[in-house]
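Heads up: the structure comes next, in structure tokens.
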Amino acid sequence: MNARTASVSRNTLETQIQVSINLDGSGKFVCNTGIGFLDHMLEQVARHGLIDMEIELKGDRHIDDHHSVEDLGITLGQAFAQAVGDKKGMVRYGHAYVPLDEALSRVVIDFSGRPGLSMNVEFTRANIGSLDTQLFWEFFQGFVNHAMVTLHIDNLKGFNAHHQAETIFKAFGRALRMALAADERMAGQMPSTKGVL
């Protein structure tokens, strides 16, 4: 596979975002969104997905975090769409179950070329730190719409909202890692009977 990297900027009246990723990295992570818990979750994705990630975000957080979180999902999705290239030789599908104490989540992803999100999570608190838990859905919806992936997220157990979120993001990282891996038996081939994804 060729180098799978991308840098994407998004500049609107609401947010200014710069994202750089390397899908074949070692989990290096540099991030400043101004939202501490979101930074913590994104670091889980980088570390467990072995994806190098640099993120700089300035947003209209004097209103709330909605625009910042949603637009970051969009920008990160655009970066993934660029970085995967033609998808030849990659596994395409990934899944992971991740526990953290009492919490357990499952994430399944398909680099299908078709955006779709099924997210079944009932957070036990409305906020984690300053972050509204409803915004996780906005983040993932922005990501799938622009990465052009199908994503299923299920929190199967958990009563601590921090643990619920952390298992989701760790499982997301592990599922990405599996899906993005090179499949030696598919070298140079498209992982689809359609011939295109």
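The values are calculated or read from the model by the stated rules, or taken from the named source; none is laboratory data. This one's a predicted model, so the numbers in the text were calculated from it and none came from an experiment. With ideal geometry, Cβ positions are generated from the backbone for all residues, glycine too; neighbour counts draw on all protein chains shown.
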Checklist entry - Mind checking which pairs have a first residue in the range 97-113 that is at pLDDT 95 or above and a second that is among the acidic types (Asp, Glu), Cβ under 9 Å, 6 or more apart or different chains? => result VAL98/GLU166; LEU100/GLU166; ALA103/GLU166; SER105/ASP154; SER105/GLU166; ARG106/ASP154; VAL107/ASP154; VAL108/ASP154
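Let's see how each residue does on (1) surrounded by 15 or more Cβ atoms within 10 Å (Cβ to Cβ); (2) within 24 Å of GLY25 (Cβ to Cβ); (3) over 12 Å from the mean Cα position of the chain (by Cα):
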| position | (1), (2), (3) |
| --- | --- |
| GLY89 | yes, yes, yes |
| ALA103 | yes, no, yes |
| GLU138 | yes, no, no |
| ALA171 | yes, yes, no |
| MET178 | yes, yes, yes |
| PRO191 | yes, yes, yes |
Checklist entry - Pairs, please: C-beta under 9 Å, at least 6 apart or cross-chain, first residue at positive phi and in the range 35-50, second surrounded by fewer than 22 Cβ atoms within 10 Å (Cβ to Cβ)? => result LEU50/ASP24; LEU50/GLY25; LEU50/SER26; LEU50/GLY27; LEU50/ARG177
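State all residues of the range 145-197 that are among the acidic types (Asp, Glu) and either touching a Pro at 6+ places or on another chain (Cβ under 9 Å) or modelled with pLDDT of 95 or more (or both); if no residue qualifies, say none. Break it down into steps so the answer makes sense when it comes.
Of the range 145-197, the ones among the acidic types (Asp, Glu) are 154, 166, 183-184.
Scanning the range 145-197 gives ASP154, GLU166, ASP183.
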